[in-house]
1. Take the eigenvalues of the Cα gyration tensor for the stretch 1-126, scale each by 5, and report the square roots as semi-axes in whole Å, largest first.
2. Using Cα-only point scatterers and the Debye equation, what is log10 of I(q)/I(0) for the stretch 456-554 at each q in 0.16, 0.19, 0.21 Å⁻¹, rounded to two decimals?
3. Find, to one decimal place in angstroms, the Kirkwood hydrodynamic radius of the stretch 89-217, where the mean of 1/r is taken over every pair of different Cα atoms and then inverted.
4. Provide the convex hull volume over Cα atoms per residue for the stretch 1-47, in Å³.
5. Multiply the residue gap between Ala493 and Leu127 by 0.36 nm, knock off their C-alpha separation, and tell me the result in nm, one decimal place.
6. Mind jotting down the distance between the C-alpha centroids of the stretch 26-66 and the stretch 253-272, whole Å?
7. What spacing in nm lies between the two simple spin-label points modelled at Thr29 and Ala656, each 7 Å away from Cα in the Cβ direction?
8. How large is the Kirkwood hydrodynamic radius of the stretch 73-113, in angstrom, based on all distinct alpha carbon pairs?
Amino acid sequence: MTELLSALHERVLIADGGMGSLLLAHQLTDADFKGVNGCFEVLNVTRPDIIESIHAAYFEAGADCVETNTFGANYGSLGEYGIVERLYELAQAGAVIARRAADAAATPGQPRFVLGSMGPGTKLPSLRHAPYAILRDAYQTQAEALISGGVDAFQIETCQDLLQAKAAVIGAKRAQSKLGTDLPIFVNVTFETNGTMLLGSEVGSALTSLAALGISGIGMNCGTGPEMMSEHLRYLSENSALPIICMPNAGLPQLSAQGAVYPLSSDSFARYVAGYADDFGLNLVGGCCGTTPEHIAALRAAVGVAAPKSRNNESAPAISSIFSSVELKQEVSYLSIGERTNANGSKAFREAMLAADWDECLDIAKAQSVGGAHLIDVCVDYVGRDGSADMSELAARLAVNAPLPIMLDSTDPAVIEAGLECLGGRSVINSVSFEDGAGPDSRFSKIMAIAREHGSAILALTIDENGQARTSEAKVALAERLIASITRDWGFAESDIVVDCLTFPIGTGQEETRKDAAQTLAAIAEITRRHPDVSTTLGISNVSFGLNPAARVVLNSVFLSEAVKAGLSSAIVHAARIEPVDRIPAEQFETALDLIYDRRRADYDPLAKFLDLFADVTLADTRVAQDEELAALPVAKRLRQRIVTGSPKGLSEDLAQALGEKSALAIIN
C-alpha cells in the first residue's frame, strides 16, 4: 500500500479547490499563452511560477493534496488547439511543478501529495466522437508523463461518459505496467442536476463498471454544488468498500455580467462537505469550480484530523449497461439472458445483420428487455463476415440505445475486444473453456487477458481438450479446473465467474444423450454447493433441440424450473417462450419431468409419450387452449392468474367486469 493510500485510511484527506478561476484572476495575456489562448496547460511551460503559487496557496490553506494543472492534457482538449503532439510535454511539466510545491510544503507530521489530474476532454466515445483506442492510448501517454513528473496517484475526474472513464483507467494501468509503478487510481464522475451522468448513467452503473476495473477510490466532482450530492454519496457509502471522494463546486453557477458566479460561501461549503465526510465515511474531500483557498481553509478547519467513518460494505456481484446495474444473482428469480440477438440462433436477427439493418437489430435487442430479459447475449459470428466490424457497429449502437447490460458471445478474441471497446458498462464474456488448452497462445489465455483489462465477468464452459463433459462428475471436475485457473492465475474473484455446465438435446432418441439433462442438473447443484459465490447458467433451449415448437416450450419451461431448484442462477432463454409451470397441463408437465430425469421403465418410455402428446399440437393450439382455460375461470381467479403470469392481455376487460362487482380497493386487497 502506498503512503497516500495509508494516509487515506487513517484520516480524511483534504484536496485543493478550483484552478481555472484562480488562473483567470491573474489577468493572463496573449504572451502568457504563446499563441494558444485559453489552453491553461500551456502555462505549465510558459508561466510555471503562477501555477506553483496556486499550489502553494492551497497547501498553505491546509490541503494535503493538490491536483496537477493537467486537466486538459488529453487528446480531445489539446486537439481543439491543434497541439496534441505536446501532450507528454505539458503533462510532465504540470506534474513537476506540483511535485516541487508538495515537497516544499511537506513536514514530518504532514506529508503532501500530488494527484495527477486527467480530465474528460471534449470527445465522448460512447457517442462515437472519437475511437476508444485513440483516447486510451492518449491517456496512457498522459499517465506516463505524470508518472515521470512525480505524481502520487491519478485523479480521473469530471467523467461524463463511462466509456471515457474506462479508457482513462485502462490507459493509466497500461502506463504503470510499462513503467513498473503501482500508483492509486481514483475516479470522480459528474452528475447533472437531473441525478444522472450526461449520458444517463445512474450511480449504480458507475460503481459497477468502474469498480470492476480495479480502481482505488470512487467519488464525485464538479457538476453541482454539495447540496445535490447527498443521495449519490449515500449510495456509494452503503454499496462500496472503496474509498469515497467528494469535490463539489461552490454551488450551482449563476450567470452575471462578470460571467459565472458560484454562490456558496466558504463556511457553507465547508459545513456541507464536512457533514458528508462524517455521515458517509468519505476519505478525500476538496473543491472544484468556484472554490478557493478560503474554501479549503474552512474545510480543513471543519474536518480537522478525524479518521474516516468505518464502512464494511461489499458490492453485490453485478454487471451493467451505461445506464443501470443488474445483480448477477437475482433474489426471487433467475437472471434471464436474452438469446434472440444471435446470428446463429435467430433467423430474424441474422437476416437483419446481413442486410446491415441495424435499426431492426436494435429493435430485436430492445424487445428482449420488454420480454423480461435482464441481460442481452450478442453473437455476430457468421461465416464470411468481418465479426469485429459487425460487433463494433452493433455494440456501439446497443451501448446508447439498449438499457440492458451486454453479454459478448464469440469464439474470436478480436471480436470480444471490439465489443468491449464500445461498451462503458460492465459486460460478461461468453465464453472461455479449455477446448484448446490453457497455454499462453490458447483462446482461453487471450480472452482472459482481455477480460482482466476490461473488468468483465467471465462465462466458463465445461469443455476441455477431450470435448464437452457429459457426466456430472466430469462437469464438476472441469468446473473446478476453470475456477481455480481464473482465480489463481488471472486474479478474478469467484463472484466474477459464471459456469455453464452445458447439456445436449434429450429428445433425439440417442441413448448417449438420454441422461444429459439429469447429469447437468446434478452438476449445477454440486457446483453451487461447493462454490456459492460462483454463478451458473445454461442455454436452456439446447435441451429440446429437434422437437416441435409447442413441445420445446413445455420441455424448456420444465427444465428451467428444475434447474433453478438445483441452484441455477441465470439462463440464456427466449423469455417470451418460457411458461410458468403452473400453466402447463399436468400430463405434459409430469411427462416432461420423466423425460428430464430419464425415468424409463420396461413398459414406459417418457420420450415416446412426450412426442405423442405433441404429435398434432402447435404453439397456436397451446395458446388457444390456455386462453380458453383462463376464460372459463371466475373473474377474480382470472385476475389472480394474470398477475401470477404477468400477462396484460385481457386485463382491462377483466378489471372492468370486476369493478361491476367490487370496489377498486376491494379488488386490490
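The values are calculated or read from the model by the stated rules, or taken from the named source; none is laboratory data. Predicted model, so just to flag it, every value in this text is computed and none were measured. Every residue, glycine among them, receives a Cβ derived from its backbone with ideal geometry; neighbour counts consider all protein chains shown. To get the accessible areas, we keep the full protein, side chains included, count just its heavy atoms, and leave off ligands, DNA and RNA. Shrake-Rupley method; radii C 1.70, N 1.55, O 1.52, S 1.80 Å.
1. Gyration-tensor ellipsoid for the stretch 1-126: 27, 17, 12 Å.
2. Log10 of I(q)/I(0), two decimals: -0.67, -0.88, -1.02.
3. Answer for the stretch 89-217: a Kirkwood hydrodynamic radius of 15.2 Å.
4. 101
5. Working: separation 366, 0.36 × 366 = 131.76 nm, distance 3.18 nm.
Between Ala493 and Leu127, full extension yields an extra 128.6 nm.
6. Between the Cα centre of the stretch 253-272 and that of the stretch 26-66, the gap is 22 Å.
7. Output for this residue pair reads 8.1 nm.
8. 11.7
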